[in-house]
Amino acid sequence: MTAPEHLANRDLDVASVLPAARLPAAARIVIVGGGIVGASIAYHLALAGETDVVLVERGRLTNGTTWHAAGLVSQVRGTHALTELSRINVETYERVARETGVDPGFRRVGSLTVARNEERFREIRMPVSIARDAGLPSEIVDRDRIRELWPSVVVDDLVGGVFFPDDGTINPGVAALALARAAVDRGVRYVPDTTMTGFRRGSDGRRVTGLTTAVGAIEAEVVVLAAGLWTSELARSAAASVALYPAEHVWAMTEETPAATEDLPFLRDLDGYLYIRHHGGRFVIGAFEPNGKPWAPSKVPTDGFVELGPDWEHFGPVLAAARARVPAVANVGFGRFLRGPESFTPDANLQLGFVPEVPGLFVAAGLNSQGIIFGPGVGRAGAEWILAGRMTMDLVEVDVARMGRWASQPRWMHERTVESLGGLYAMHWPNKQPETARGLRRLPLEASYRAAGAALGQVGGWERPLWFEPGAGPDGPTVGYSYTDPSWFPPVRAEVRATREAVALYDLTTYAKFEVAGRGAVSGLNRLVTSDIDVAPGRIVYTILADERGGILMDPTVTRLDDDRFLILAPTVAQRRTEGLLRAGLSGAGSGGAVVTDVTSGWSTLHLAGPRSRELVSRLTDEDVSADAWPFLEGRRIDVGRAQALALRVSFTGELGWELLVPTEFVADLYEHIVRAGAGLDLRHAGAYAFEASRLERGFRSWGHDMGPLDDPFAAGLAFAVSRRKAADYVGRDALARLHETDDDRPRRLVSLHAPTAVLWHGESVLRGAERVGRVTSASIAPTLGGSIALAWIHGALDGDDWCVEIGGDPFPCVVSREPLYDPRGDRLRS
């Protein structure tokens, strides 16, 4: 018999179930935080055989935020990577119940998400393909089926829904208790009523080597912060940045009503920003409202089981929507209003992983009120990551290193949290831009771009042009979001046409830039990267930072400036990660004297791309820019306009091009000279979306989107970046040599994909006949080819012509190719 439903359980009997231990002097791993995440990490560490683990809790188990969770358990999320984290939750909860006899009361009632319009219907159908890839049951439902599943729901304004029958509800506190008990049964020590007061540090002043607490100190090889909304402030005391922030999360429980039957799936009406679940003959109505109410961390009480009191006025719009959707709610009173603090992140993704700037510190927090959904998966992924020292799952999108250290600035997070809470249920339009906390990191030419009609978007905190509509005015173009025909498609097509046929001007200032200099720079970098960077000054080398298994940790370009100076360029959002890799990789023996300096803010980059870019550059400099005089992948210091620039002959668009790097104070003058000189050459401003479309047509890979630490260069089509001849040994060389020997037998490959009749974005499933064989990693409209262009990972052979991409359950024909489908060198278009 399933245990009775019990939410907001302040009286959970922890003491009789979970024996407490005294704080030992040392342990291999110390976990701070006894909620669902900390308990799950402890359990999965023990399950893997690592039992020298201490779980430290300031109060008692679950008294932070786990205790007031609503207990929703969903197995399918919006991306394949997130679904890998969520899909094991049910099996984990059921397993620990069997192991311990502590029953968390999982009820497999299913989940039902409904849509009020066609665009929302398309959005909620996208996870159906992910579910099919994962082997999880799903059903696209019409109004009649919705009424069958939920007899009391109003369906007249609905266009459809999605039903996941294996989802359900659970008692959150007991779920955490079962995980913790299973961990303790395997040897983990649980230490309650122990307040952390600080970190112990190593001799280098950076590495965390343990904790100090109110009852003493403990040494540890790894400290895990799983402290929920307090994680950011605890990390700050170690000079670490974790971007998450507290906000109110609300649910209200009705009195008993015959309409609340125990077989009802929990219901999500995203356009009403609400969910409704059954609970002991009552309804529980929860909100992810668009105007969230953040709390400064210092204002949140720390004594456990915090409630902030009713706020019916703020809850009013959600309650009205609930009454409209389920009229029975209007005819019943309320017995409980739960308003408690939770933590939310700027992009609504959790924060997981080792902190790059603080060795020995691991973070698992910021679950955006989805701890019960993700807790088991985060526990397993976190435990594996800690023990292996690397990701064992595709977790780049939740890696704490994805956000720069600037992102934990309290006032900025406070502003963003107003929006990010409701963002969980808002329309997830492709390329949707945040409305709050804008303008923090600005390009020097922002005013000029606004005058040119730029639509600005945010990436890595930077405001950068996404596309241009000349004449749009200082407020920029009107943005129309859509899954099939957003407002930016026409200008992006024109910008790509300029890139292919004339010349386009892009701003690449946001790229991460690092200088590595000193007498150990050559030997240190050569030991760190897969290509030989001991080249002539001025040469540009595209290369890979690999791990010992041959996984791709980063793919920067390295330009040798002088004998002992190098410039490293990496993707905008990889600034923090790249800095961490460089500093860690150049800190060992053989790198003496190599100094890493982040010079991102000191240099602006204007990029000229297209067949007429050579003519435009020649108008700005006396340097010989002919093909014979200036070969591909060569950089020079030249006078251009009235500025001196580092000019790199390279382009990620696949066309002829130059990147012109100048000190930031000179870029406005250079820009003015470029615009004047390009007036007769059909020069066009171009933004990030045209840049993306161009690189995808050319088949160029993007780290973090198309490849990551679990992928090797040969499967990713980057064999050319792995040197087999250079004398210097380098990280991953032996593993890459073995992978090279089996290259013809790769089980999966990254390929180009063209869908002439579909609009692709990312994450779409790929089928060969009826067989599900892959997924799209990044995609765009294909202005040159027509339709959509993408990169996709494919399992198995690439032969046959029965290929399709699946969008929300519907198939669209496509072709796949190991070679790029556009190649300007031969004016070749293949599809």
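The values are calculated or read from the model by the stated rules, or taken from the named source; none is laboratory data. Please read these numbers as outputs of a predicted model, since none were measured by experiment. Cβ atoms come from the backbone with ideal geometry, glycine included; neighbour counts cover every protein chain shown. SASA here: full protein model, heavy atoms, side chains in, ligands and nucleic acids out. Shrake-Rupley method; radii C 1.70, N 1.55, O 1.52, S 1.80 Å.
Only one of G101, G78, G105 is farther than 19 Å from L7 by Cβ and in contact with a His (Cβ under 9 Å, 6 or more places away or on another chain). Can you tell me which?
Working: G101 fails: in contact with a His (Cβ under 9 Å, 6 or more places away or on another chain); G105 fails: farther than 19 Å from L7 by Cβ.
From the options G101, G78, G105, the qualifying one is G78.
From A407, A388, A401, A383, grab the single residue that is among the hydrophobic types (A, V, I, L, M, F, W, C), touching a Pro at 6+ places or on another chain (Cβ under 7 Å) and closer than 30 Å to D712 by Cβ. Write out each step before concluding.
Working: A407 fails: closer than 30 Å to D712 by Cβ; A388 fails: touching a Pro at 6+ places or on another chain (Cβ under 7 Å); A383 fails: touching a Pro at 6+ places or on another chain (Cβ under 7 Å).
Unique residue meeting the criteria: A401.
Within region 527-600, which strands (runs of 3 or more DSSP E) (wholly inside it) include 1 or more residues that are surrounded by 23 or more Cβ atoms within 10 Å (Cβ to Cβ), in contact (Cβ under 8 Å) with a residue 60 or more places away in the chain and polar (S, T, N, Q)? Before the answer, list the steps.
Details: elements: 540-542, 552-554, 557-562, 565-570, 595-598.
The strands (runs of 3 or more DSSP E) meeting that bar are 557-562.
Take region 194-216 and flag every residue that is in a loop (DSSP other than H, G, I, E, B) and over 32 Å from the mean Cα position of the chain (by Cα).
Filtering region 194-216 down to residues in a loop (DSSP other than H, G, I, E, B) leaves 194-195, 202-207, 214-215.
Of everything in region 194-216, those that are in a loop (DSSP other than H, G, I, E, B) and over 32 Å from the mean Cα position of the chain (by Cα) turn out to be T194, S203, A214, V215.
Mind telling me which of the residues S604, S618 ends up being open to solvent by less than 20 Å² (accessible area, probe 1.4 Å) and either touching a residue at least 40 places away in the same chain (Cβ under 8 Å) or over 37 Å from the mean Cα position of the chain (by Cα) (or both)? Break it down stepwise before answering.
Values: S618 fails: open to solvent by less than 20 Å² (accessible area, probe 1.4 Å).
After applying the criteria, what remains is S604.
Name the single residue, out of those in region 221-239 being open to solvent by 10 Å² or more (accessible area, probe 1.4 Å) and more than 18 Å from G59 (Cβ to Cβ), that is farthest from the chain's Cα centre (by Cα).
Per the stated criteria, the residue is E221.
If I ask for residues that are in contact with a helix residue (DSSP H, G or I) (Cβ under 6 Å, 6 or more places away or on another chain), within 22 Å of T557 (Cβ to Cβ) and not in a loop (DSSP other than H, G, I, E, B), which ones from region 617-642 would you list?
In the first step, residues of region 617-642 are kept if they are in contact with a helix residue (DSSP H, G or I) (Cβ under 6 Å, 6 or more places away or on another chain); the result is 619-620, 625, 640-642.
Filter once more, so that each one left must be within 22 Å of T557 (Cβ to Cβ): 625, 640.
Selection gives V640 alone.
D204 versus (1) in contact (Cβ under 8 Å) with a residue 40 or more places away in the chain; (2) at negative phi; (3) open to solvent by 20 Å² or more (accessible area, probe 1.4 Å): which is the lone unmet condition?
Of (1) in contact (Cβ under 8 Å) with a residue 40 or more places away in the chain; (2) at negative phi; (3) open to solvent by 20 Å² or more (accessible area, probe 1.4 Å), only one is false for D204: (1).
Return the residues of region 432-465 that are open to solvent by 40 Å² or more (accessible area, probe 1.4 Å), outside any loop (DSSP other than H, G, I, E, B) and within 22 Å of M403 (Cα to Cα); say none if nothing qualifies.
Residues satisfying the conditions are R441, R442, R464.
Considering each residue of region 277-317, count those that are under 27 Å from W230 (Cβ atoms) and assigned to a helix (DSSP H, G or I), and give that number. If you could, list the steps in order and put the result at the bottom.
Here is the first cut: in region 277-317, the ones under 27 Å from W230 (Cβ atoms) are 284, 286-311, 314-315.
Checking the rest, the ones that are also assigned to a helix (DSSP H, G or I) come to 297-299, 314-315.
Total satisfying the criteria: 5.
Output yes when any residue across region 413-436 is closer than 22 Å to G687 by Cβ and of a type in the set (A, V, I, L, M, F, W, C), and no when none is.
yes
For V326, state whether it is of a type in the set (A, V, I, L, M, F, W, C) and closer than 24 Å to S420 by Cβ. I'd like the intermediate steps shown before the answer.
Working: of a type in the set (A, V, I, L, M, F, W, C): yes; closer than 24 Å to S420 by Cβ: no.
No: the conditions fail for V326.
Of the conditions (1) more than 30 Å from P356 (Cβ to Cβ); (2) out of contact with any Gly (no Cβ under 7 Å at 6 or more places or on another chain); (3) surrounded by 23 or more Cβ atoms within 10 Å (Cβ to Cβ); (4) among the aromatic types (F, W, Y), F305 satisfies every one except a single condition; which number is it?
For F305, the failing item is (3).
Let's see how each residue does on (1) of a type in the set (V, I, T); (2) touching a strand residue (DSSP E or B) at 6+ places or on another chain (Cβ under 8 Å); (3) at pLDDT 95 or above:
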position	(1), (2), (3)
R200	no, yes, yes
S203	no, no, no
R206	no, no, no
L211	no, yes, yes
I218	yes, yes, yes
V224	yes, yes, yes
A239	no, no, yes
L244	no, yes, yes
A247	no, yes, yes
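Restricting attention to region 408-419, report how many residues are touching an Asp or Glu at 6+ places or on another chain (Cβ under 9 Å) and closer than 19 Å to E579 by Cβ.
Selection size over region 408-419: 0.
Being at pLDDT below 95 and of a type in the set (S, T, N, Q) is true for just one of S613, S587. Which residue is that? Steps first, please.
Numbers: S613 fails: at pLDDT below 95.
The match here is S587.
I'd like to verify a number: residues in region 359-403 that are buried (at least 24 other Cβ atoms within 10 Å of the Cβ) and without any contact (Cβ under 8 Å) to a residue 60 or more places away in the chain, how many?
Going through region 359-403 one residue at a time, the tally reaches 1.
Within region 720-736, how many residues are surrounded by fewer than 19 Cβ atoms within 10 Å (Cβ to Cβ), small (G, A, S) and assigned to a loop (DSSP other than H, G, I, E, B)?
2
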